[in-house]
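Right, one structure below, let's go through it.
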Amino acid sequence: QVQLVESGGGLVQAGGSLRLSCAASGSILRPNIMGWYRQAPGLQRELVASITSGGITNYKDTARGRFTLSRDNAKNTVYLQMNGLKPEDTAVYYCNLNVGWAKHDYWGQGTQVTVSS
C-alpha cells in the first residue's frame, strides 16, 4: 500500500554535501513519523534523523548541527540535507515511514552514501 522512493545518494569528498529525498506514496496514515536510518558495514542500523507529521525532529547526536531534516506533508516527502560529511557517514541510508498507532512500518530500498577522505 505504501511505497518509499529514495534519491540523492552518491559519492562525495569529506566536507562535502548531499541532499537525500524520500517520497512516500499510497495509503499514508497520519499522524506518522518519517525519517532516515543508516547502516554501515559491520554495524547495526541506526536512526539518523526523524520528523513527525507535526514537525517535531529528532537527530542522532553526531548528525545534529550538520544534518537538517525537513518535511513537505502535502507531498509526503522528506529531505535530509547533509553538510560537512565525514567518512564515518558512509553507509546505506534507508527512508522510513512509521505509523505507530496503526502498527505500520515501511522502508525504502536504501541509497548508498559514500564519503571519501
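For segment 46-61, what are the residues that are in contact (Cβ under 8 Å) with a residue 40 or more places away in the chain and more than 17 Å from Thr114 (Cβ to Cβ)? Result: Ser50, single match. Restricting attention to segment 62-103, the residues that are touching a Gly at 6+ places or on another chain (Cβ under 6 Å), free of Cβ contacts under 8 Å to residues at least 60 places away in the same chain and assigned to a strand (DSSP E or B) total 1.
The residues in segment 3-25 that are of a type in the set (Ser, Thr, Tyr) and under 11 Å from Asn76 (Cβ atoms) can be counted, and the count is 1.
The residue of segment 72-104 that is least open to solvent (accessible area, probe 1.4 Å), among those that are within 14 Å of the chain's Cα centre (by Cα) and of a type in the set (D, E, K, R), is Asp89.
Would you point out the residue of segment 43-71, among those that are over 18 Å from Thr90 (Cβ atoms) and of a type in the set (Gly, Ala, Ser), that is nearest to the chain's Cα centre (by Cα)? The qualifying residue nearest to the chain's Cα centre (by Cα) is Ser50.
Within segment 64-101, the set of residues being aromatic (Phe, Trp, Tyr) and touching a strand residue (DSSP E or B) at 6+ places or on another chain (Cβ under 9 Å) comprises Phe67, Tyr79, Tyr93, Tyr94.
One residue alone among Ile51, Ile28 is surrounded by 15 or more Cβ atoms within 10 Å (Cβ to Cβ) and assigned to a loop (DSSP other than H, G, I, E, B), and that residue is Ile28.
Apart from one condition, Tyr37 fits all of (1) without any contact (Cβ under 8 Å) to a residue 40 or more places away in the chain; (2) open to solvent by less than 70 Å² (accessible area, probe 1.4 Å); the exception is (1). The one condition from (1) surrounded by fewer than 17 Cβ atoms within 10 Å (Cβ to Cβ); (2) among the aliphatic types (A, V, I, L, M); (3) under 18 Å from Gly84 (Cα atoms) that Val12 does not meet is (1). Comparison of Leu20, Leu43 shows that the only residue that is out of contact with any helix residue (DSSP H, G or I) (no Cβ under 9 Å at 6 or more places or on another chain) and open to solvent by 50 Å² or more (accessible area, probe 1.4 Å) is Leu43.
The values are calculated or read from the model by the stated rules, or taken from the named source; none is laboratory data. Treat the numbers as computed from the prediction; the structure is a model and nothing was measured. Neighbour counts run over all protein chains shown; Cβ positions are idealised from the backbone, glycine included. With ligands, DNA and RNA removed, areas are computed over all heavy atoms of the protein, side chains included. Shrake-Rupley method; radii C 1.70, N 1.55, O 1.52, S 1.80 Å.
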